[in-house]
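The values are calculated or read from the model by the stated rules, or taken from the named source; none is laboratory data. What you see is a predicted model; the values in this text were computed from it and never measured. Reconstructed Cβ throughout: ideal geometry from the backbone, glycine too, with neighbour counts over all protein chains shown.
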Amino acid sequence: PYAQRLYERRRSRGMTEPEALQTARLPRIFADLMVAAGDADGSVGGALTTTADTVRAALWTLGLAPGFSLVSSFFLMVSPQKNIGADGACLFADCAVVPQPSPAQLAEIALATAENARALLEVEPRVAMLSFSTKGNAGHPTAAAVREATKTLCARAPHLIADGELQLDAAVVPEIAAQSSGVGGERACQCFHLPRAQLRQHRLQTRRAFRRLHRRRSHPAGPLATRERPLARRERRGHRERGRITAIQAASLKAQEAIRM
């Protein structure tokens, strides 16, 4: 039945029945086919496979959630500094899947990450759309793209607390928090959006804003893929036991949310 399900989904792309039978035997494909068939509530993978292979398996078997057009990812970062994010927990996106998102894609990634923050952290997310400048200080196209993405996000989800463009320290450090920002300062920024451009500036801001976080070690889990349907989570290859357990916990929480809905 699993091979037939895969064949029905992929035959329009040229997959034959013998190919579907062979492909369905791959562990990553088989696991997601179990989810698609309702025989499992979630899947966790990626320790032995690449991000591309893990995401491809979910797309072939599960597809995208209604209302979304792309898959993105986030890192769940947990710090001993409880004044950051939700008791020290923050989501950073997109860290692994969409290398150069358009403004519309930035908005969709932020919305998906906010939904995951709400489900995993059980808080009302506050989204900081990060850039290398704050509130129009730079006229660079990448900063303008983040501003446009923020407007799109607010129009698409007017209930969501979001602001941008913001430098990382303006989003999380109270002494530097942007004036009038709805997400700036202690305990406020619970879901982050990181465009891939200007990474050097982001690294500098991260060192300044999270100096103690780096010194005292944070515990990352991810990248965790989001917006597949019903659920697929990825753990990083070579991850320690803590990361694997966190990925399993994330999958379980999202499965519980899907059951409640």
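Checking Thr134 against (1) surrounded by fewer than 17 Cβ atoms within 10 Å (Cβ to Cβ); (2) in contact with a strand residue (DSSP E or B) (Cβ under 8 Å, 6 or more places away or on another chain), only one condition comes out false. Which one?
Tallying (1) surrounded by fewer than 17 Cβ atoms within 10 Å (Cβ to Cβ); (2) in contact with a strand residue (DSSP E or B) (Cβ under 8 Å, 6 or more places away or on another chain), Thr134 fails exactly one: (1).
Residues are listed down the side, and each one gets a yes or a no for (1) out of contact with any helix residue (DSSP H, G or I) (no Cβ under 8 Å at 6 or more places or on another chain); (2) among the basic types (Lys, Arg); (3) farther than 22 Å from Gly67 by Cβ; (4) crowded, with 19+ Cβ neighbours inside 10 Å:
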| residue | (1), (2), (3), (4) |
| --- | --- |
| Ile109 | yes, no, no, yes |
| Glu115 | yes, no, no, yes |
| Arg118 | yes, yes, no, no |
| Glu122 | yes, no, yes, no |
| Pro125 | no, no, no, yes |
| Leu130 | no, no, yes, yes |
| Arg156 | no, yes, no, no |
| His159 | yes, no, no, no |
| Gly164 | no, no, no, yes |
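Name the residue that is modelled with the highest pLDDT, counting only residues in segment 69-87 that are more than 19 Å from Met129 (Cα to Cα) and in a loop (DSSP other than H, G, I, E, B).
Ser69
Which is modelled with pLDDT of 90 or more and of a type outside the set (Val, Ile, Thr), of Ala143, Ala119, Ala114?
Testing whether each residue is modelled with pLDDT of 90 or more and of a type outside the set (Val, Ile, Thr) leaves just Ala114.
Quick one: which of Arg28, Arg56 is at pLDDT 90 or above, surrounded by fewer than 21 Cβ atoms within 10 Å (Cβ to Cβ) and not in a loop (DSSP other than H, G, I, E, B)?
Arg56
Mind listing whichever residues of segment 44-84 are β-branched (Val, Ile, Thr), under 20 Å from Ala114 (Cα atoms) and more than 13 Å from the chain's Cα centre (by Cα)?
Val78, Ile84
Kindly indicate which of Leu91, Leu48, Leu106 is closer than 23 Å to His159 by Cα, in contact (Cβ under 8 Å) with a residue 60 or more places away in the chain and not in a helix (DSSP H, G or I).
None of the other options fit; the residue is Leu91.
So, of the residues in segment 31-42 that are touching a Lys or Arg at 6+ places or on another chain (Cβ under 7 Å) and in a loop (DSSP other than H, G, I, E, B), which turns out to be surrounded by the fewest Cβ atoms within 10 Å (Cβ to Cβ)?
Ala37
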